[in-house]
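First the structure, in the form of C-alpha cells, and then the observations on it.
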Amino acid sequence: MMVEKPDTFKHAPVPREAAEIRTIESADIFRGANEIMIRHDGVVYRMKITRQGKLILNK
C-alpha cells in the first residue's frame with residue numbers, strides 16, 4: 001500500500017521546541033472504550049486499541 005505524503009502539513013506545524021508539544025493521555029481520550037472516531041478536516045478516522053495495547057488509526 002502506497003501512501004501519498006503532502007509537501008506541507010497545514011494542520012500540524014512543526015514545533016520549535018519539544019516542550020511546546022501538547023501530550024494527552026490515551027485514557028482521557030478513550031474513557032474506557034477500545035475504539036473512538038476522530039473527525040479531521042471533514043474525514044472520519046477510527047482509532048483502536050489492540051489486544052497488545054497498541055494504537056491503530058484507520059481512515
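None of the figures in this text is laboratory data; all of them are computed from the coordinates on show. Note that the structure is predicted; figures quoted are calculated from it, not measured. Cβ sites come from the backbone with ideal geometry, for glycine too, and all protein chains shown count toward neighbours.
The table below gives the values:
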{"read-out": "Per-pair calculated FRET efficiency, R0 = 22 Å: Glu25 and Arg46 via Cβ, rounded to 0.05", "value": "0.65"}
{"read-out": "Residue-span extension gain [Glu35 to Leu55] - 0.36 nm each, minus C-alpha spacing", "value": "6.3 nm"}
